[in-house]
1. Taking the range 116-145, which residues are of a type outside the set (Gly, Ala, Ser) and closer than 19 Å to Gly20 by Cα?
2. Given the criterion at pLDDT 95 or above, in contact with a helix residue (DSSP H, G or I) (Cβ under 8 Å, 6 or more places away or on another chain) and among the charged types (D, E, K, R), identify the matching residue among Glu99, Glu126, Glu95.
3. Could you tell me which residue of the range 13-42 is surrounded by the fewest Cβ atoms within 10 Å (Cβ to Cβ), considering only residues that are modelled with pLDDT of 95 or more and not in a strand (DSSP E or B)?
4. Within the set of pairs 6 or more residues apart or between chains, which connect a residue that is free of Cβ contacts under 8 Å to residues at least 40 places away in the same chain inside the range 23-36 to a residue that is in a strand (DSSP E or B) and open to solvent by 30 Å² or more (accessible area, probe 1.4 Å) with Cβ atoms less than 9 Å apart?
Amino acid sequence: MIPRFGPPPLATRRYRRRAGAYAILWREGRILLTFQRQPEHEFQLPGGGVDPGESPIRALHREVFEETGWRIGHAQRIGAYRRFCHMPELGFHAEKRCEIWAARPTLRIGPPTEPGHSAHWVTPHEALDLLEDAGSLAALRAWLA
């Protein structure tokens, strides 16, 4: 069973399954996070939804590039979790199934291409303070241990 983080689903609400791939990006003792300005201000592990017909690893590469401007290599899947939430940018409630990967940023191509995102190198301690998603926090804590 994939562990769940956050509130349980409401029996009266319909949820769509939404696969996602997110990365712990480590380089020279720092972690690369993305800051998303909308729909809410939030620091996140870079990543996002897997599009129809797309593999999780392909989605990971695409999303990391869009949100940070970096290419990545040596990606290894290290875990998964799920959470039930509203996704206002997509207009529905989702059962997010989040795969967590560890990868190494290899080449910065430029700034993030996804509007409203910025990339930030932080220490592991800062990352633990900045991340709000309980599943991402648990994954980072486990990876750092």
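The values are calculated or read from the model by the stated rules, or taken from the named source; none is laboratory data. Nothing here was measured: the structure is a model prediction, and the numbers come from that model. No Cβ is skipped: glycine too gets one built from the backbone with ideal geometry, and neighbour counts run over all protein chains shown. Note: accessible area is taken over every heavy atom of the protein model, side chains too, but ligands, DNA and RNA are not part of it. Shrake-Rupley method; radii C 1.70, N 1.55, O 1.52, S 1.80 Å.
1. Correct list: His117, Leu131, Glu132, Asp133, Leu137, Leu140, Trp143.
2. Result of the check over Glu99, Glu126, Glu95: Glu99.
3. Narrowing the range 13-42 to residues modelled with pLDDT of 95 or more: 13-35.
Going one step further and asking which of them are not in a strand (DSSP E or B), we end up with 13-15, 28-29.
Values: Arg13: 9, Arg14: 8, Tyr15: 15, Glu28: 6, Gly29: 8.
Once the filter is applied, the top-ranked residue is Glu28.
4. That search, which allows pairs on different chains as well, returns Glu28/Trp121.
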